[in-house]
Amino acid sequence: METSFSILLTAGVCAPFLCAALMALFWPCLGEKSARSLSVAFSGISLASALVLWGAYMANYMVNIGFAFVTSEFISGAGIPPMGLNGVSMPMFAMAAIVGFAAVLWAAKSDIKNPRLYFLLLMVMQGGLMGAFASTNLLWMYMFHEFALVPTFIAMSIWGGAGKRMAAMQMAVYLTLGALVSLVGIIAIYVLTGAASFGLQDIVLAMASVPISAFWQYCVFALLLFGLGTLVSLFPFHTWAPRTYSAAPTSFAMLHAGVLKKFGLYVLIQVAVPLLPAGCADWSYVMAVLALFNVVYIGLVTMAQRDLKMMVSYSSVAHMGLCFLGIASMSVLGVGGAVLLMFGHGLSVALLFMLSNAIVNRTGEWNMFKMGGLYKQTPVLAGFFIAATLASLGLPGFANFWGEFSILMSLWSFSPAICAVAATGIIISAIYGLRAVANIFMGEEPTKELEPKFSGICDLTALEKIPAVILLAALLFVGFYPKSITQPLDSDLSIVPAYNQSK
Amino acid sequence: MELQNISFDWGSVASEAVLFLCAVIAIVLSAFSRKESSIVQIFAMFGIVAALFVEILCPTIGSGETYFGEMLTGASSFGCFVLVCALLTGLMGFGYFAKGGKRGGEFMAVLMICTAAMMLFVRANNLMFAFIALECATVCLYIMAAWNRERASSLEAAVKYLVVSGVSGCLFLLGIAFIYGAGLATSRELLYFENFTAGMGNGLFMTGFALVVSAVLFKVAAFPFQFWSPDVYQGAPTPVSAFFAVASKAAGIVFIGKIFTFIDFSGGGMFDISENIVFTISVISAATILVGNLGAITQINVKRLMGFSGIANAGYLLVAVAALIKMGSMAFFELTLYFYLAAYMFANYGLFFVVNQFQGDDDSDQTFADYRGMSRKSSLLESSLVINLASLAGIPPTAGFFGKLLILIMAWYAQLYWLMGVMVFGSVVSIYYYFGWMRASLDFADGGERPLRETGALAPTLYALSASTLFFGVIVFFLVRL
C-alpha cells in the first residue's frame, strides 16, 4: 500500500513536468485546444493524486512518524533523493495541487495570445511547486522553487499588465537575491553539520552528533530569515510583491501569490526553526516586529489602494505578517496556526485574484471607487467575491479563521503587547476588504447614460464557476473540518523540540 | 639543459600530433582547392574528432608520470574540454563562412594549431615550455581575431589583443627571468613546477611568481587585466569570440589552478605566505566579479555584454582557486572547475550560436533592439537563448546553477564568507542584464530588422547544447552526494 502511495506522489509531481515535456516535444503539431486539454488533464492527475494522498494521510497519520509515502530507492539510485510528505508539507502539497488546477482551468477558458507557451510555462511552474513541497532534500526544495522564476518572468514579459517591464525585472532581481541568500544558509547547514547529503534526514542525523554552535545558529538563521523573508515579502523586502502580482497574468499571479510565496514560510517551519532553535529564539523578536510592520503598516497601505488588483496584492503581503508571527511564537499552536493560515490564504488569495480579474475584464476599470452597484448584474460573481473577502479576513467557517485564531492565541503567551497590535490587523483587513466589496458591488446601480461600460455586464459563466467552486469548497471543507489538517500537523509538530519549549 | 636525458615519448602527445598534422594537411589542401568550398573545413572537423578520440583513449590521462624529460605532465580533462570547444567553434564556423566569411579551410588550420598549443600549455611542467606553448596559442588567436580583415572592428580587436598579449608575454618572460635568477635549484630543475615550494620564502622568486600569475590573469581577463576583453569579443568574428570566451579563459584558469596545486603550503614557515596569497587572489576575484557585473549593466551590445559576463565568470572561477589554495585539496576542486567550465561552455556556445545566426559577416554592432520579436521568428533560437541565459544567471535546474553551487560550497569550506557575499551580489546584479537580454527577445513588438538565418546543421547543435545545459547538472548527483 505504501508503495502505491509513493508512486502516486511521484505521479503528482511528475505529471505537470511530463505535460510540459510533451508540449515541448510535439510543439509544431500541437494545437491550441490540445494544449488546453492536455494541461487540464495532467493538472487534474496532480490534483487527484494530492487529494487521495491527503485522505490517506488523514486516515493514517498516527502511524506516520516523520515523512510518509517516501519514494523508493529505485529513484534515489538514479541520483534523485527520495520524496515524501509530513504533516506540514501535506496541506501545502494539497494546496499547490488545488490552486494549480484552478489556475489551469481559469487559463483554459480565458482568451490568451499564444496559449501553447502559456500552458507550457504554467505546467513547469506547477510541477516545480508540487516538487518543492514533496521534497525531503533541502537542495531539491530550493531547485524546485526556482523552477518558477523563469516561467513567471517570461509570462510577465509577454502577457503582463501595466508596468510589466519594470515589475518583471524587479521580481527577478528580488527573488534571486532572496533565493541566493537562503542558498548560502542552506549550504551553511550542510557544511557545518558535515551531513552526508542535503537530505533532511541526513542533516538531522548529523546534527545529533555535531550540534551547531549558538553563534552559527544565530548567523545562519539570519541568512535564512532574510533570504526566505524576501521571498515571502517580509516587511522591508516586500516592495517587489504588489507590483508583480498586479502585473502578472492571472494564473501566474494565483500560483505566485497563493502557493509560491508560502514556500519561504514552509522552509522556515520545516527546516530553519527545528534545526536552528537557538537562532530562531535570538531572532524571534526582530521577526515579530518586522511582521507587525507587515500586518499594520502594509495593512494601512492596502487601505489606501484604489486599484483593485493592487489592493488584493497588498493584502496578501499584509497577511504574511501573521504567519511570521505564528512562527516567531515557536509553539505548536502558533506554527500550526501559521500552516493553517498559509493553506487558507493560498486558496483565498488565488480566488480573489481570479475574481478581480473577472471584474476587471468585464468592466475594463481598475479603480474600485469608480465601480459600484454591480451586485444586481452579477450576483454570482458578487457572492463569490464576498465569500473570498470574508475568508481572507478570517470569518469562522473558513480555513483562515482557524489559522488567525490559533496564531493570536499563541501570541498572547509570547507577548501580550504584540498580540494586541497584531489583532488590530484583523480590523484593518476587515476595513479594506469590506470597503472593496461595498465599492464594487453595493450602492447605486450605474445608469446606462452616465456609465456605459458598467452596464450590460454578464455574470460568471459556468466554466468560470468551476475553479471558483473548487477553491471555495476547499476553504469551507477545512473551515468546518480543521482536523483534516490539524491532527496530522499536531502529531508532527509536537515531536519537534523547537516547538515545545516553554517560554 | 642536459638534452641527452630527454626521452621522446611521442605516444603521450598523440592527440596534439594529430591536430598539428591535420592542420598542415588542411593548409596544403586549401592551397590546392580552387573555390571557396567547405571540403577542407569538413576534413578539419574530422581531424578534430579524431584528436578527441585519441585524447579519450590516450593512456596518459590521470597517470602521475611525466614525459619528454619532465617537460610535460599527463593529459588532463582539459584536453577533451578544449577539443570540444574547437569542435563547436568549427561548427559555428560553417555558419560564419556560409554567410560571407572567407578562407574557411585556413581558419580551421589555425584553430587546430591554437587548440593543440593550449593543450600543451596546460600540460606543461616547466615554465619555459609553458611560455612557448602559450605564445603559440596567442599568435593563433591574433590571426583568428583579425580574420575578417576587411572590417575595422575585427582589425581593432586584433590590434588590441596584440598589444595586450604582448604586455602579458613580456610579464611572463620577466617572471621566468626572476625565477631563474633566484637560483633555487640546479639549473636543470630551476623552472620545474615541483620545485616552486622551495621558493616561497624568496623575494626574487615571489616577484617572478607574481609576474607569471599576472600574465596568465591577462588571458583569463581578471581584474586589473580585464579591460581588453569586451572590445576584443565585440570586434572578433563570432566563432572566434566564443573561442576566446571559453577556451582561452579555461586554459588560463586551469593553468593557475595547476601551478598552485604544485606548491605545498602546508610546511610550517609558509603559512603566512599562503594566507597572503589567498587574500590576494580573493581580492582579485572579488574585484573581477564586481567589475564584470557592474560593467555589464549598461551594455546593450550583446557581444560586449558577453565580454563583461566573461569577466564576471572569471571572477567566480577565481573564487574556486582561492578556496583551493586555502584548503590545499584537489579532488573537489577539479570537479568544481571542470563542471563550471563545462556549464560555461554549453551556455556560451549556445548564445554565440544565436548571435551568429544574424545576417551579415559582422556581428559587432548587434544590440538588444535586434532581438525584438525573436520569439515570433524562431522558437529554436529563442528557446536556446532563454535556457542558456538562465544557465549563465545560475537559475536551477540548469548546469550553471550547479557550477555556482559547487563553488559556493567550496568557498564555505574554505571559510571565505565575504567572498561568498560578493559572489551572491554579483549573481543578483547579473540577473539584470541576462534577463534584460531575455526580455528584449520576448518582446512581441516589431523592431529587429536584421534578418535571421536557420541553417540545416544548426538545429541539432542547438538542441544538443540546450539539452546539455538543462540536464548536465544531473551528473553532479552521480559524482557527489548532495
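The values are calculated or read from the model by the stated rules, or taken from the named source; none is laboratory data. Values in this document were obtained by computation on a predicted structure and should not be read as measured data. For neighbour counting, all protein chains shown are included, and Cβ atoms are generated from backbone atoms with ideal geometry for every residue, glycine included. Keep in mind that these areas ignore ligands, DNA and RNA; they rest on the heavy atoms of the full protein, side chains included. Shrake-Rupley method; radii C 1.70, N 1.55, O 1.52, S 1.80 Å.
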### Message
Please list, ordered by chain and number, the residues whose modelled amide H lies under 5 Å from the amide H of B:L72; skip anything fewer than 5 residues away on the same chain.
### Response
B:Y67, B:N125
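Excluding ligands, DNA and RNA, what is the accessible area buried between chains B and A, summed over both sides, using a 1.4 Å probe, to the nearest 100 Å²?
3300 Å²
How many Å² of accessible area per residue for region B:3-479, probe 1.4 Å? Can you show the working numbers first?
Details: 16050 Å² over 477 residues.
It amounts to 34 Å² per residue over region B:3-479.
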### Task
Pull up all non-local amide H partners of A:M83: gap of 5 or more, or a different chain, and H-to-H distance under 5 Å with H placed in the peptide plane.
A:T71
### Task
Distance check, please: which entries in B:K99/B:K160; A:K113/A:K164; A:K33/A:K309; B:K219/B:K258; A:K309/A:K370; B:K258/B:K326 exceed 18 angstrom between their Cα atoms?
B:K99/B:K160; A:K33/A:K309
### Query
With each run of n ≥ 4 DSSP H residues scored as -39500 (n - 2.57), what mean residue ellipticity at 222 nm is computed for chain A after dividing by its residue count and rounding to the nearest 500 deg cm²/dmol?
-23500 deg cm²/dmol
### Query
What are the residues of region A:176-209 that lose 40 Å² or more of accessible area, with a 1.4 Å probe, going from their chain alone to all protein chains?
A:T176, A:L180, A:V184, A:I187, A:Y190, A:V191
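First select every other residue whose beta carbon is under 15 angstrom from the beta carbon of A:S406; then total the charges, Lys and Arg +1, Asp and Glu -1. Mind showing how you got there, number by number?
Values: positive: A:K483; negative: A:E404, A:D490.
Counting the neighbours of A:S406, the net charge comes to -1.
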### Task
Tell me which residues come under 5 Å, amide H to amide H, from B:N301 once H is placed; ignore anything under 5 positions away on its chain.
none
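Could you sort A:K33, A:K483, B:K326 by their accessible area in this structure, using a 1.4 Å probe and putting the largest first? Spell out each step's value before the answer.
Values: A:K33 175, A:K483 110, B:K326 75 Å².
So, going from the largest accessible area down, we get A:K33, A:K483, B:K326.
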### Message
If I compute solvent accessible area with a 1.4 Å probe over the protein chains, what percent of it on region A:2-496 is carbon and sulfur?
### Response
70 percent
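Rolling a 1.4 angstrom probe over the protein heavy atoms, how many square angstrom per residue are accessible across region A:2-496? Don't skip to the end; give the middle numbers.
Numbers: 15770 Å² over 495 residues.
Per residue, region A:2-496 has an accessible area of 32 Å².
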#### Entry: Fraction of accessible area attributable to carbon and sulfur, region B:3-479 (%, probe 1.4 Å)
68 percent
### Query
Rounded to two decimals, what ratio of Rg to Rh does region A:246-319 give with C-alpha atoms and a Kirkwood Rh?
1.07
### Message
Using a Debye calculation, one point per C-alpha and no hydration shell, please list log10 I(q)/I(0) for the protein assembly as shown at q = 0.08 Å⁻¹ in order.
### Response
-0.80
### Query
Karplus couplings for region A:304-315 from phi (6.51 cos²θ - 1.76 cosθ + 1.60, θ = phi - 60°), rounded to Hz, Gly and Pro as x?
7, 6, 9, 6, 4, 5, 5, 4, 5, 4, 5, 5
### Task
Take region B:3-479, compute every pairwise Cα distance, and split them into 10 Å bins from 0; I just need the percent in each bin.
4, 21, 32, 27, 12, 3, 0, 0
## Note on the structure
For region B:3-479 the mean separation of alpha carbon contacts under 8 Å (6+ apart) over residue count, i.e. relative contact order in percent, is 13 percent
### Message
Which three extents, in angstrom, do the Cα atoms of region A:332-458 have along their principal axes, listed largest first?
### Response
58, 24, 20
### Query
Which order, highest average first, do B:38-48, B:401-411 follow once you tally other Cβ atoms within 10 Å for each residue and take the mean per peptide?
B:401-411, B:38-48
### Task
Report the local net charge at B:S15: Lys and Arg +1, Asp and Glu -1, summed over other residues whose C-beta lies under 15 Å from its C-beta.
-2
### Task
Quick one: angle between helix A:332-363 and the longest Cα principal axis of chain A, in degrees between 0 and 90, rounded to 10, please.
20 degrees
### Query
From the backbone phi of region A:483-497, what are the Karplus-calculated ³J(HN,Hα) couplings (6.51 cos²θ - 1.76 cosθ + 1.60, θ = phi - 60°) in whole Hz, Gly and Pro given as x?
4, 4, 9, 5, 5, x, 4, 4, 5, 7, 6, 6, 8, 8, x
### Folded to 0 to 90 degrees: helix A:32-60 orientation relative to chain A principal axis, Cα
50 degrees
#### Entry: Cβ-defined net charge surrounding A:R435, 15 Å radius [Lys, Arg +1; Asp, Glu -1]
+1
### Query
What helices does chain B have that are whole DSSP H segments, at least 30 Å long along their own axis by Cα, and with mean Kyte-Doolittle hydropathy of -0.5 or more?
B:77-98, B:152-182, B:271-297, B:302-327, B:331-355, B:417-442
